[in-house]
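Report on the structure given below.
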Amino acid sequence: MTVRRSFPTDRGVARLVFTDRDDGDFAGDGDPGRCDPQVRALSDRPWSWVRQVHGDGVVVVTEPGGGCGLEADALVTAVPDAVLTMRGADCPLVGLFSPEGVLAVAHAGWRGLVAGVLPRTVATMRSCGATEVSAVLGPCISAGRYEFGADDLEHAVAVLGAGVRGRTGGDGPALDLVAGVVASLATTGVTVDLRSHRCTAGDPSLYSHRARGDRGRHLAAIWLEPV
């Protein structure tokens, strides 16, 4: 089931969408424009997309449809009618908004979390006029289904804290990405709404590269509808 959330701001209503298989495959080599007509079914506005590289890059979108094709893992805007998008198949997708109408969306895989993509996204939002920032976590794989190499796990723990250390259902080492998102944003004073989170491995309505080898991608999109 597609998740749709709305949040009031001083300059309009922020709309946040997390898609699933019923909305189609948004892989599209990064460009949602290649995914018509399902793109227009979600929001018939100019879309911004980037080439996601599992890093900490943040792009500020200054006009609807701006920033397209750059390498980054987060988009920020204060512009009405600009649809910010990120794709995923196991990595966390996070929507962020502020009362001033500054919005963002981030792709926060484990490398991006360790690199600090979420604090950098929040800092960029604040540089654009945001004060209190709120975050919503969308789909990602759960710790119980995400077996993780011991060395990489220790690296993540060193940066994000012991709370990201998990165990799989078979009692193997695992990374808790949900805890990682919460811990990373906590360093900026931002709390995370977890009610829209679903496990990509456990929910067949979502794409999961780790659990099912899916090549498809679901999407997170956020935009501001002006008053």
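Taken together, the values in this text are just the output of simple stated rules run on the coordinates, not laboratory data. Predicted model only: the values in this text are computed from it and were never measured. All Cβ positions, glycine included, derive from the backbone under ideal geometry; neighbour counts span all protein chains shown.
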Worksheet entry | 5 angstrom amide H check on GLU100, placed H, neighbours 5+ away | ASP10, THR131
Response to the item:
Between the Cα axis of helix 117-127 and the main Cα principal axis of the chain, the angle (0 to 90°, nearest 10) is 30 degrees
Practice prompt. Assign one of three labels to the stretch 89-227, namely rounded, prolate or oblate, based on the Cα gyration tensor with a ≥ b ≥ c the square roots of its eigenvalues; rounded applies when a/c is under 1.5, prolate when it is not and a/b is larger than b/c, and oblate otherwise.
Written response: oblate
Worksheet item: What residue among ASP44, ASP56, ASP20 has the largest mean-square fluctuation in a Gaussian network model of the chain, using Cα springs under 10 Å?
Response: ASP44
Item to complete: Would you work out the relative contact order for the chain, in percent, from Cα pairs under 8 angstrom that are 6 or more residues apart?
Response: 26 percent
Worksheet item: Non-local amide H neighbours of THR168 (under 5 Å, H modeled in plane, Pro and chain starts lacking H): which ones?
Response: ALA174
Worksheet item: Does the stretch 1-150 come out rounded, prolate or oblate by the C-alpha gyration tensor, with a ≥ b ≥ c the root eigenvalues, rounded set by a/c under 1.5 and, if not, prolate when a/b is larger than b/c and oblate if not?
Response: rounded
Practice prompt. Under a 10 Å cutoff between Cα atoms, tell me which one of ARG215, ARG111, ARG198 has the largest fluctuation in the Gaussian network model of the chain.
Written response: ARG215
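Kindly identify the stretch 173-227 as rounded, prolate or oblate by the Cα gyration tensor criterion: order the square roots of the eigenvalues as a ≥ b ≥ c, call it rounded if a/c is under 1.5, otherwise compare a/b with b/c, prolate if a/b is larger, else oblate. Working shown, then result.
Numbers: a/c = 2.65, a/b = 1.22, b/c = 2.18.
Note, shape of the stretch 173-227 comes out oblate.
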Fill in: Antiparallel DSSP beta bridges within the stretch 81-227, as percent of all bridges there, nearest 5
85 percent
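For the stretch 153-202, what does the relative contact order come out to in percent, with C-alpha contacts under 8 Å and a separation of six or more?
On the way: 38 pairs, mean separation 12.4, N = 50.
Relative contact order comes out at 25 percent.
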Response to the item:
Highest GNM mean-square fluctuation among THR188, THR121, THR85, for the chain with Cα springs under 10 Å, belongs to THR188
Discussion item. Quick check on the chain: helices-only [θ] at 222 nm, where DSSP H runs of length 4 and up contribute -39,500 (n - 2.57) each and the sum goes over total residues. Nearest 500, please.
Written reply: -5500 deg cm²/dmol
Worksheet item: Which angle between 0 and 90 degrees, to the nearest 10, do you get for helix 150-160 versus the longest principal axis of the chain when only C-alpha atoms count?
Response: 50 degrees
Worksheet item: Going by how many other beta carbons lie within 10 Å of each one, how would you line up MET86, MET125, fewest first?
Response: MET125, MET86
Worksheet item: Mind listing the phi-derived Karplus ³J(HN,Hα) values for the stretch 171-187, rounded to whole Hz, using 6.51, -1.76 and 1.60 with θ = phi - 60°, and x for any glycine or proline?
Response: 6, x, x, 9, 9, 8, 5, 4, 4, x, 4, 4, 5, 5, 6, 4, 5
